[in-house]
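Chemist: Before I ask anything, let me first share the structure, which is written out below as structure tokens.
The values are calculated or read from the model by the stated rules, or taken from the named source; none is laboratory data. Please read all numbers here as calculations on a predicted model, not as lab measurements. Cβ atoms come from the backbone with ideal geometry, glycine included; neighbour counts cover every protein chain shown. All accessible areas refer to the heavy atoms of the entire protein, side chains included, with ligands and DNA or RNA removed. Shrake-Rupley method; radii C 1.70, N 1.55, O 1.52, S 1.80 Å.
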Amino acid sequence: MHAFEFTRPEDSTAALASAAHAKIAQQGADVRFVAGGTTLIDLMKLNVETPAHVLDINRLPLAQIEELTGKGIRIGALARNSDVAEHPLIKKRYPVLSEALLSGASPQLRNMATVGGNLLQRTRCYYFYDPAFPACNKRNPGSGCGAIDGYNRIHAILGQNEQCIATHPSDMCVALAALDTVVRVQGPKGEREIKFDDFHHLPGNTPNVDTNLQSDELITAVDLPALSFSQRSHYLKVRDRASYAFALVSVAALLDVDSNNKIKAARVALGGVAHKPWRASKVEAELIGNNPNEKTFRAAAEAELAAAKGYKHNSFKIELAKRAIVRALNTVAGTA
């Protein structure tokens, strides 16, 4: 067991000050915030994460779910996944988010897990989770990627490179990507907003860096913008078993169809296929102006997956992703 210091700040200002003080006092030591702990504590038990200082932020007043001017919704970083999924405003206006949350983990974990923590989930790649495997650029930069020539059934087919083929595990984040969510953070220099597509990283040359959140910043909330067609949506999760399993492929889909039966707007995001929640921009572009039918949906899926690359054990995910896109869009359009 690695020794670490534990602090419970009372508000966001105190939390940021405590984190800054700990880093200075311990010469740049790894300092982490913990809320539900459903990811961090697991990784600490496995010695994948070894922070020198842990700050429990559960006392911070960041659990609100409230309506914004213009009919959007702000969800506090400490709102529990189960509370968000069952909230009347979320179920009515953003059913895709409720569906995504309810498809993740187990009821017990959803009761603990928070929105902010869910944003910061780390990959479930076998090679990352087990320090017995030395080759993992995400855990040990410069060591290689054991998954490329190893067992890679759950791994990425889009946006990956030779540095890392791990996938992002969150269901919630796939829905948030499709909803054009904004992440609100607070740091020593004040507050800032991060567009959701800019929040998570593709591997590039730094697969160990998951997000654009700075080490001295704290997530305070996410803002869901008002979308006139957000109720016409669906979250589809394809997995090995019906509960408590991560997605092989998932799809969050929203459609706006006009009176002439033409698609005038679409939002689609994929999970289980990339290093980050994957906004399917090619699908969206192909859909606009076309009729909502099987032929249109299949052409859009083909365009998105044209650049996909499979490996020994996961090439099946390319066709699976295409079929999942078609099925999700058929469900939203009522053409299934």
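Chemist: Could you check region 178-191 and list, in sequence order, the residues that are open to solvent by 10 Å² or more (accessible area, probe 1.4 Å) and in contact with a helix residue (DSSP H, G or I) (Cβ under 6 Å, 6 or more places away or on another chain)?
Modeler: Gln186
Chemist: Which of the residues spanning region 217-240 are outside any loop (DSSP other than H, G, I, E, B) and of a type in the set (Lys, Arg)?
Modeler: Passing the criteria: only Lys237.
Chemist: A further question follows. Would region 78-87 turn up any residue that is open to solvent by 40 Å² or more (accessible area, probe 1.4 Å), within 27 Å of Leu109 (Cα to Cα) and in contact with a Pro (Cβ under 8 Å, 6 or more places away or on another chain)?
Modeler: no
Chemist: I'd like the full set of residues that are open to solvent by less than 30 Å² (accessible area, probe 1.4 Å) and either out of contact with any Phe, Trp or Tyr (no Cβ under 7 Å at 6 or more places or on another chain) or part of a loop (DSSP other than H, G, I, E, B) (or both), limited to region 160-177.
Modeler: Listed by number, the residues that qualify are Cys164, Ile165, Ala166, Thr167, His168, Pro169, Ser170, Asp171, Met172, Cys173, Val174.
Chemist: Within region 287-309, is even one residue in contact with a Leu (Cβ under 9 Å, 6 or more places away or on another chain), open to solvent by 60 Å² or more (accessible area, probe 1.4 Å) and not charged (D, E, K, R)?
Modeler: Scanning region 287-309, I find at least one residue that is in contact with a Leu (Cβ under 9 Å, 6 or more places away or on another chain), open to solvent by 60 Å² or more (accessible area, probe 1.4 Å) and not charged (D, E, K, R), so the answer is yes.
Chemist: Would you say Tyr151 is surrounded by fewer than 20 Cβ atoms within 10 Å (Cβ to Cβ) and under 19 Å from the mean Cα position of the chain (by Cα)?
Modeler: For Tyr151, the condition - surrounded by fewer than 20 Cβ atoms within 10 Å (Cβ to Cβ) and under 19 Å from the mean Cα position of the chain (by Cα) - is not met.
Chemist: Would you be able to say whether some residue in region 320-336 is within 25 Å of Ser170 (Cα to Cα), of a type outside the set (S, T, N, Q) and free of Cβ contacts under 8 Å to residues at least 12 places away in the same chain?
Modeler: no
Chemist: Same structure, new question: Exactly one of (1) touching a residue at least 60 places away in the same chain (Cβ under 8 Å); (2) in contact with a strand residue (DSSP E or B) (Cβ under 7 Å, 6 or more places away or on another chain); (3) farther than 21 Å from Leu179 by Cα is unmet by Ile73. Its number?
Modeler: For Ile73, the exception is condition (3).
Chemist: So Glu286 passes all but one of these: (1) part of a loop (DSSP other than H, G, I, E, B); (2) without any contact (Cβ under 8 Å) to a residue 40 or more places away in the chain; (3) out of contact with any strand residue (DSSP E or B) (no Cβ under 8 Å at 6 or more places or on another chain). Which condition number does it fail?
Modeler: The single condition Glu286 does not satisfy is (1).
Chemist: Within the group Asn261, Asn208, which residue is closer than 30 Å to Gly142 by Cα and either at pLDDT below 95 or part of a loop (DSSP other than H, G, I, E, B) (or both)?
Modeler: Asn208
Chemist: Moving on. Which condition number in (1) touching a strand residue (DSSP E or B) at 6+ places or on another chain (Cβ under 9 Å); (2) not in a strand (DSSP E or B) is the one that Asp256 fails?
Modeler: Failed condition: (2).
Chemist: Next question. Could you check Ser243 against (1) open to solvent by 20 Å² or more (accessible area, probe 1.4 Å); (2) of a type in the set (S, T, N, Q); (3) part of a strand (DSSP E or B) and say which number it fails?
Modeler: It fails just one condition, (3).
Chemist: Considering only region 264-281, how many residues are in contact (Cβ under 8 Å) with a residue 24 or more places away in the chain and not in a strand (DSSP E or B)?
Modeler: 6
Chemist: What's the number of the condition Glu67 fails, among (1) closer than 26 Å to Ser233 by Cα; (2) open to solvent by less than 70 Å² (accessible area, probe 1.4 Å); (3) not hydroxyl-bearing (Ser, Thr, Tyr)?
Modeler: Glu67 satisfies all of (1) closer than 26 Å to Ser233 by Cα; (2) open to solvent by less than 70 Å² (accessible area, probe 1.4 Å); (3) not hydroxyl-bearing (Ser, Thr, Tyr) except (2).
Chemist: Exactly one condition in (1) over 27 Å from Gly310 (Cβ atoms); (2) β-branched (Val, Ile, Thr); (3) free of Cβ contacts under 8 Å to residues at least 60 places away in the same chain is not met by Ile219; state its number.
Modeler: Here Ile219 meets the rest and fails (3).
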